[in-house]
Amino acid sequence: MALTNDGDDAANPFAAASDFDDVNLAAQGPGAGGFALGDASVQRDLAAGDGFVDFDAHDGAASTSDISLASGSTGNPAIGLSGSMGPAQTYELPPVPTGLLAPFKVEYYMPYFNVTTEDVVERLKRVAMPWKNDFFEAVDARPDLYAPFWVCAALVFLIASTSNFASWIDHDSSSATEWQHDFKVLGLGASFVFGFALAMPFVAWGCFTYLGVSTANMTFIELACVYGYSISPFLVACVVCIVPALEWPAVILALGWSAVFLLRNLWARIATSNDGYVPPMDTESGEQPLQDAGSLLGDQTSPQGRKLAATLLAGVIGLHVVFAMVLKLKFFGRSA
Amino acid sequence: MTETSQHDAELMTLDEPVLETIKRDLKMIGAKLKFVFMPTAKSEDTIAELRKWDLWGPLLFCLILSVVLSVSASEDQGSTVFACVFVVVWVGAFIVTLNVQLLGGKVPNFQSVCVLGYCICPLVLAAVLGMLWNNIFFKLALVAAGYAWAMRAPVVFMAQLVSEEKKALAVFPVGLFYLVIAWMIVII
C-alpha cells in the first residue's frame, strides 16, 4: 500500500474520517454511503467529524495483508497498540445515521453503549486501583457513556437517600418537632451531578482544543467517559457519609482517589510524549511512514507545552475539588 | 364478511356509553394486573400478556402513587412530592427503555414503558397499605416485599432483550428505577 502523508490526505475525500481502512472500503463499495464500520472505526470517524486533527498512523498500519484491522482491533495509535483487552466487537452495530436528524436517533449513540458487563467491571476496577493500570488501555478506543450516565444516576439516588437517612439519624426523637424528609434534594442533586458531569468535560475539552494541547489524543467522548468514571469513588463516600464522624474523611478520600485517577490518565494522554508508540515500518519502501509522530501532536514535549498541560490539569482538579466541597457542604452539611 | 362485521363492532364503540368504555378499560387493566400479581404466573407469561401494551394502567398507578404520597407528605412538600413521583415514574421508565435500546435491545418504546409501568403496582399497593400504620419497620417490610415482587417480570423482560454478556447492564437500571420509587415510599 502506498504511503500517504498529510498532503495526500488533504486531497483524499475520505481523509476526514481517518480510520477508513482499505478492507472496509472494499466491503462497502463506493456507493454504499452508510458508514457500517467496525466500532473502533466508528469512534475514530466520529472523533474526526468533531473537528479533530488526526494524525494518520492508520495509513501505515492498514496494509492490505492485515485483514484483522477491519474488526476494530486497531486500538488508538496514541496509546500504543497493546490490544490486550480482547476482541472489541461484540455484536453488529447498526450503521450510524447521518444527516441533520441523526442526533435524534438511538443508533447515533449506540457506539457509546457498545460495552459488555465485563468491560464495565474491568474499567471500574481501574478506577478502584488508579495507580495500577492505564484506564485508556481498558477503553481501547471504545469510550462508553453507559457507566458515566448510570454512575451519575446512582450518585443522585445515593445523595438523596443517604442525606435523608443521615438527617433522620441526627434527629432528636425527644424533640417536639417530627423529623421531616427533604424531597427537594432529589431534584437538586440531579441538576448538580448531571450538570457537573456534563459541564466539566465540555469545559476541559474546550480548553484543550482552544489551547491545542494535543487534542488528537483526546476526543470529547473520551473526556466525558473518563470524567464519568472518575465520579464513581463518590458513590462509596456517600454511603460512608451516613456516619457523622466520617463525613470529611470520606469525601476527601474519594476526592483524592478520583483526582489521582484523573491525573494519572489525563496526564498520560495530554502531557507526555507518546514514547510508547512506535510508528509502523513500511515493509515495501523500508522507511518510517511518519518521520516524527510527536511533532504532529503539537508541542507537548517542550517545557512550555508541559507547563500548559500542567496548568490545565490543575484546573481540572480544581473543579473536582469544587464538586466534592459542594457535595459535602450542600448535601451533608449538618455538622459543618 | 366477518372482517366487515368486526370492523363494525369496533366502530360501534363510538356511541357506547362512557361508562361502558371505562369498564372495558378497567377490565383490560385488571386482566394485565392479574398476571403481574399472580405468584404462580411465570414472568414469561406476564411479559407475553404485557406485550399488548397500553398506558392506562401505568397512568392509573402513577396517579394513585402520586396522590397517596403527596397526601401523606408534609404540607409544604406535597406538590413537590407529587411532581417528583410523576417525573420519576415516567422519565425513569423512558430512560430505562432508552438504555436497553442503546445496548442493542430491539423493543418498541411504549411496550417497555408498559411493562415497567404495570410492574410498579406492587409498590403502589405497599404505599397504600403503608398508610394504615405509620411504623417505619412495617413500611420497610411492605416495601421490600413490593420491590421484590415488582422486579420479577421486568428483570426477565430486560434481560432477554440483550445479549448474554450485557444482561447485568440492562438489569441494573431497572433495579435502580424501582429502588428510587421504593425509597420515596419509605421515607414519606
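The values are calculated or read from the model by the stated rules, or taken from the named source; none is laboratory data. Please read these numbers as outputs of a predicted model, since none were measured by experiment. Every residue, glycine among them, receives a Cβ derived from its backbone with ideal geometry; neighbour counts consider all protein chains shown.
Among the numbered conditions (1) touching a residue at least 24 places away in the same chain (Cβ under 8 Å); (2) surrounded by 14 or more Cβ atoms within 10 Å (Cβ to Cβ); (3) farther than 21 Å from B:VAL67 by Cβ, the only one that B:CYS119 does not meet is (3). Whenever a residue of the stretch A:127-144 is free of Cβ contacts under 8 Å to residues at least 60 places away in the same chain, its partners that are basic (Lys, Arg), lying with C-beta atoms within less than 8 angstrom and at least six residues away or across chains, give the pairs A:LYS132/A:ARG126; A:ASN133/A:ARG126; A:ALA138/A:ARG123; A:ALA138/A:ARG126. Here A:PRO103 clears all of (1) within 14 Å of chain B (Cβ to nearest Cβ); (2) over 22 Å from B:ALA159 (Cα atoms); (3) in contact with a helix residue (DSSP H, G or I) (Cβ under 6 Å, 6 or more places away or on another chain); (4) not basic (Lys, Arg) except the condition numbered (3).
Applying a threshold of 7 Å to beta carbon distances and a minimum spacing of six or more residues, or different chains, the list of pairs starting in the stretch B:102-113 at a residue that is closer than 23 Å to A:PRO95 by Cβ and more than 10 Å from every other protein chain (Cβ to nearest Cβ) and ending at one that is in a helix (DSSP H, G or I) and among the β-branched types (Val, Ile, Thr) reads B:VAL107/B:VAL100. Screening A:PRO249 with (1) touching a Phe, Trp or Tyr at 6+ places or on another chain (Cβ under 7 Å); (2) modelled with pLDDT of 85 or more gives one miss only, at (1).
Can you name every residue in the stretch A:142-174 that is polar (S, T, N, Q) and touching a helix residue (DSSP H, G or I) at 6+ places or on another chain (Cβ under 8 Å)?
Selection gives A:SER161, A:THR162, A:SER163, A:ASN164.
The single condition from (1) over 30 Å from A:LEU158 (Cβ atoms); (2) at pLDDT 80 or above that A:GLN291 fails is (2). When A:ASP182 is tested against (1) over 19 Å from the mean Cα position of the chain (by Cα); (2) surrounded by 15 or more Cβ atoms within 10 Å (Cβ to Cβ); (3) assigned to a helix (DSSP H, G or I), just one condition goes unmet, and that condition is (3).
Here is a check on your reading of the model: is A:PHE165 of a type in the set (Phe, Trp, Tyr) and touching a residue at least 24 places away in the same chain (Cβ under 8 Å)? The answer is yes for A:PHE165.
Scoring B:VAL186 on the criteria (1) buried (at least 23 other Cβ atoms within 10 Å of the Cβ); (2) in contact with a Lys or Arg (Cβ under 9 Å, 6 or more places away or on another chain); (3) farther than 20 Å from B:ILE95 by Cβ leaves a single failure, condition (1). Can you find a residue that is more than 22 Å from B:VAL171 (Cα to Cα), charged (D, E, K, R), facing another protein chain (nearest Cβ under 10 Å) and surrounded by fewer than 19 Cβ atoms within 10 Å (Cβ to Cβ) anywhere in the stretch B:62-75? Taking every residue of the stretch B:62-75 in turn, none turns out to be more than 22 Å from B:VAL171 (Cα to Cα), charged (D, E, K, R), facing another protein chain (nearest Cβ under 10 Å) and surrounded by fewer than 19 Cβ atoms within 10 Å (Cβ to Cβ). Taking (1) within 14 Å of chain A (Cβ to nearest Cβ); (2) surrounded by 23 or more Cβ atoms within 10 Å (Cβ to Cβ) in turn, B:ALA150 satisfies each apart from (1). Note on the stretch B:150-188: residues that are in contact (Cβ under 8 Å) with a residue 40 or more places away in the chain and in a helix (DSSP H, G or I) total 19.
For the stretch B:129-146, the count of residues that are within 24 Å of B:LYS52 (Cα to Cα), within 14 Å of chain A (Cβ to nearest Cβ) and buried (at least 20 other Cβ atoms within 10 Å of the Cβ) is zero. Filter the stretch A:224-250 down to residues that are surrounded by fewer than 23 Cβ atoms within 10 Å (Cβ to Cβ) and touching a Cys at 6+ places or on another chain (Cβ under 8 Å) and give me whichever is nearest to A:PHE136 (Cα to Cα). Only one residue tops the list, namely A:ALA250.
Do we find a residue being within 16 Å of the chain's Cα centre (by Cα) and modelled with pLDDT under 90 anywhere in the stretch A:191-201? Among the residues of the stretch A:191-201, at least one is within 16 Å of the chain's Cα centre (by Cα) and modelled with pLDDT under 90, which makes the answer yes.
One residue is enough: does the stretch A:138-158 have a residue meeting the conditions away from chain B (no Cβ under 12 Å) and among the acidic types (Asp, Glu)?
Yes: the stretch A:138-158 contains one or more residues that are away from chain B (no Cβ under 12 Å) and among the acidic types (Asp, Glu).
Residue-by-condition table, conditions (1) at pLDDT 85 or above; (2) within 12 Å of the chain's Cα centre (by Cα); (3) on the phi > 0 side of the Ramachandran plot:
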{"site": "B:LEU60", "(1), (2), (3)": "yes, yes, no"}
{"site": "B:SER70", "(1), (2), (3)": "yes, no, no"}
{"site": "B:VAL85", "(1), (2), (3)": "yes, no, no"}
{"site": "B:GLY104", "(1), (2), (3)": "yes, no, yes"}
{"site": "B:VAL115", "(1), (2), (3)": "yes, yes, no"}
{"site": "B:ILE120", "(1), (2), (3)": "yes, yes, no"}
{"site": "B:LEU140", "(1), (2), (3)": "yes, no, no"}
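When the residues of the stretch A:159-184 are narrowed to those that are of a type in the set (Phe, Trp, Tyr) and facing chain B (nearest Cβ under 9 Å), which ends up farthest from A:ALA199 (Cα to Cα)? Outline the logic, then answer.
Pass one, the stretch A:159-184, residues of a type in the set (Phe, Trp, Tyr): A:165, A:168, A:179, A:183.
So of that shortlist, the ones also facing chain B (nearest Cβ under 9 Å) come out as A:165, A:168, A:183.
Details: A:PHE165: 29, A:TRP168: 33, A:PHE183: 25 Å.
Looking at the filtered set, the residue picked out is A:TRP168.
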